[in-house]
Amino acid sequence: MKPFAAIIARDVRLALRSGGDWLTLVLFFVMVGIVVPFAIGPDRELLARLSPGIVWIAAFLSSLLGLDRLFRADHEDGTLLLLRAADLPMSLVVLAKVIAHWLLTALPLIAATPLLAVMLAMDMATFLKAVLSLLVGTPALVALGAVGAAVTVTIRRGGLIAPVLILPLAIPVLIFGVGAISTGPGPDQSGTALLLLAAISLIVAALSPLAAALAINSSED
Amino acid sequence: MIDLGPHAVFIVCAYLGVAAAIAALIGWRLVEARRVSARLAELEAGTPRKGTPT
Amino acid sequence: MSIESAPGENWWTRIAHPGQFVAWSRRLVLPLSIATVLLFALGLWFAFFNSPPDYQMGDTVRIMYVHVPTAWLSQFVYGVMAVSAIGTLVWRHPMADVSMKAAAPLGATFTALALYTGALWGRPTWGTFWEWDGRMTSTLVLLLIYLGIIALWRAFDDQLRAARIVAIFTLVGAVNIPIIKFSVDWWATLHQPASVFRLDGPTMPPSILTPLFIMVFAFTFLFLVLHLIGMHTEVRRRRVASLERRLAQKGAA
């Protein structure tokens, strides 16, 4: 367990020391939320109705934006090769990096959700549901992103391809993530959606480190 | 020509579109096959004339 | 196929060795092409001259004879790619790499055609080119996955390394497709309770099923022919690449 925690601690420390990348990501997340009202008009009712979708789109785009940094630096300076030689299986290394990445990129976004909630005229109940759904859903986004980052780690222009690969696969997360906040007209199914979102998150978090580790191992050969 | 009813345009468009796409696929595969085979023959004959990486 | 009856070791080298694979499968191309042409001729004759218009949809039912086969191929080709991906990852089978690469553009084309014919069918029957219903939406997502896979192939310079990476991604996609299908269905029923259209296979009259089956076979054979030709080209392309590399080394030395 110790090396596992050490990798998480190392990644978090490195990111915090090397400046405000995570702050930039939060800024981007909030900015997407700010830009939308300019695009669709300042109608509070409309904004409130669309807010679950807007919050999730913002989170979706921000998580794609930060993807490339998951493995690229470690690949370029050889850390990944060293980690392969470690006792820890590669899939656990990937899991540790995914957890660190989630702490660095998803948690700050969730912390910034109140800002969006105010600006998008969310009511209290919707806001709480949004936070809950982001908490449950973002691990799946980060874990899927890890597959995309691992698959493209040796490609120099991989930063562009990874989001294109991951976007269609992440559609279920988006559907159930928004569904867990509000399901529109008709009977309320947000509870079901939240459970399904949790199921997807668990499946993806369990399986994608294996796939990502396989990809890293076969591309570092 | 048989009578296709009021929606003949859609039917004809569907079939023409599919035919065009399939023709393009077949053409692409054949052109590609010919080009690669020609290049291979050229290389195996040992007289590469063009495209030799330096 | 007759290859199945050959003894194990021999059978394996015959599909695993690129040169031998091309040698024996080359002879299949011509008969398969002839079968494809005949099936298409028969299918089209049935589709236009020997099948009645549907009592509800009228003549637009004839679009189904190209729509259903392309939709079937859009999934079948992904299946072929997923099986090849397992071959690449588990047995490092060189022909599996080639098969994956040759299948991807075909799958993308057939998926795009399924969407195109679906839209042209939807306009007269539902009154709209595009409806966000479960089936169409998941086909669209499938198309996006195909395009992603093609982009991934093109991003690598070293095709041998690319194969394993693409294989991993193809399998990740294969695991995800059922989840996507389920979630999209859930989402679509949420927003529009009644399904607009159901294809109830067994209740279709035989006059429609006959041309449908023939066309499905015709399109499947077409895919097999194009896939084989693509695989042969890919084998040669790799040979060209290795010859060029050798030549460049000689030039540098």
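For C:Tyr116, state whether it is at pLDDT 85 or above, surrounded by 18 or more Cβ atoms within 10 Å (Cβ to Cβ) and more than 30 Å from C:Gly87 (Cβ to Cβ).
Numbers: at pLDDT 85 or above: yes; surrounded by 18 or more Cβ atoms within 10 Å (Cβ to Cβ): yes; more than 30 Å from C:Gly87 (Cβ to Cβ): yes.
Spelling it out, C:Tyr116 is indeed at pLDDT 85 or above, surrounded by 18 or more Cβ atoms within 10 Å (Cβ to Cβ) and more than 30 Å from C:Gly87 (Cβ to Cβ).
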Is it true that C:Leu140 is within 10 Å of chain A (Cβ to nearest Cβ), modelled with pLDDT of 90 or more and farther than 21 Å from C:Ala119 by Cβ?
no
Restricting to segment C:12-53, and then to whatever is of a type in the set (Ser, Thr, Tyr) and surrounded by 15 or more Cβ atoms within 10 Å (Cβ to Cβ), can you tell me which residue is modelled with the lowest pLDDT?
C:Ser51
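Please tell me if A:Ala162 is under 21 Å from A:Ser133 (Cα atoms), at pLDDT below 90, surrounded by 22 or more Cβ atoms within 10 Å (Cβ to Cβ) and among the small types (Gly, Ala, Ser). Give the steps one after another, and end with the answer.
On the way: under 21 Å from A:Ser133 (Cα atoms): no; at pLDDT below 90: yes; surrounded by 22 or more Cβ atoms within 10 Å (Cβ to Cβ): yes; among the small types (Gly, Ala, Ser): yes.
No; evaluated as a whole, the condition is false for this residue.
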Any idea which of (1) at pLDDT below 90; (2) within 30 Å of B:Cys13 (Cα to Cα); (3) under 18 Å from the mean Cα position of the chain (by Cα) is the one C:Thr70 doesn't satisfy?
(1)
Checked segment A:96-147 for anything of a type outside the set (A, V, I, L, M) and touching an Asp or Glu at 6+ places or on another chain (Cβ under 9 Å); matches are A:Lys97, A:His101, A:Thr105
Hits in segment C:115-137 - residues which are part of a helix (DSSP H, G or I) and more than 10 Å from chain B (Cβ to nearest Cβ)
C:Leu115, C:Trp126, C:Gly134, C:Arg135, C:Met136, C:Thr137
Which one is modelled with the lowest pLDDT, of the residues in segment C:171-224 that are of a type in the set (Ser, Thr, Tyr) and in a helix (DSSP H, G or I)?
C:Thr203
What is the residue count in segment A:125-179 for residues that are assigned to a loop (DSSP other than H, G, I, E, B) and under 21 Å from A:Leu194 (Cα atoms)?
1
Taking the options A:Leu83, A:Leu46, name whichever one is over 23 Å from the mean Cα position of the chain (by Cα) and crowded, with 18+ Cβ neighbours inside 10 Å.
A:Leu83
Number of the condition not met by C:Ala253 [criteria: (1) aliphatic (A, V, I, L, M); (2) touching a helix residue (DSSP H, G or I) at 6+ places or on another chain (Cβ under 7 Å); (3) modelled with pLDDT under 85]
(2)
Determine, yes or no, whether C:Val61 is modelled with pLDDT of 95 or more and farther than 14 Å from B:Val18 by Cβ.
no
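Listed here are the residues, each with its yes/no results for (1) surrounded by fewer than 19 Cβ atoms within 10 Å (Cβ to Cβ); (2) at the interface with chain C (Cβ under 8 Å from one of its Cβ atoms).
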| position | (1), (2) |
| --- | --- |
| A:Ala111 | yes, no |
| A:Met124 | yes, no |
| A:Leu144 | no, no |
| A:Leu169 | no, yes |
| A:Ile216 | no, no |
Would segment C:85-96 turn up any residue that is free of Cβ contacts under 8 Å to residues at least 12 places away in the same chain, surrounded by fewer than 20 Cβ atoms within 10 Å (Cβ to Cβ) and aliphatic (A, V, I, L, M)?
yes
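This table checks each residue for (1) more than 16 Å from the chain's Cα centre (by Cα); (2) crowded, with 22+ Cβ neighbours inside 10 Å; (3) more than 7 Å from chain C (Cβ to nearest Cβ).
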{"position": "A:Leu132", "(1), (2), (3)": "no, no, yes"}
{"position": "A:Thr138", "(1), (2), (3)": "no, yes, yes"}
{"position": "A:Ile166", "(1), (2), (3)": "no, yes, yes"}
{"position": "A:Gly177", "(1), (2), (3)": "no, yes, yes"}
{"position": "A:Asp188", "(1), (2), (3)": "yes, no, yes"}
{"position": "A:Ser208", "(1), (2), (3)": "no, yes, yes"}
Identity of the residue in segment B:9-54, loosely packed, with under 11 Cβ neighbours inside 10 Å and outside any helix (DSSP H, G or I), that ends up modelled with the lowest pLDDT:
B:Thr54
Selected residue (only one of A:Ile7, A:Ile57 is crowded, with 18+ Cβ neighbours inside 10 Å and either β-branched (Val, Ile, Thr) or not in a helix (DSSP H, G or I) (or both))
A:Ile7
Please work out if C:Tyr65 is touching a Leu at 6+ places or on another chain (Cβ under 8 Å) and under 28 Å from B:Ala8 (Cα atoms).
yes
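The values are calculated or read from the model by the stated rules, or taken from the named source; none is laboratory data. From a predicted model like this one, the values you see are computed outputs, not experimental measurements. Note that we place each Cβ from the backbone using ideal geometry, even for glycine, and neighbour counts take in every protein chain shown.
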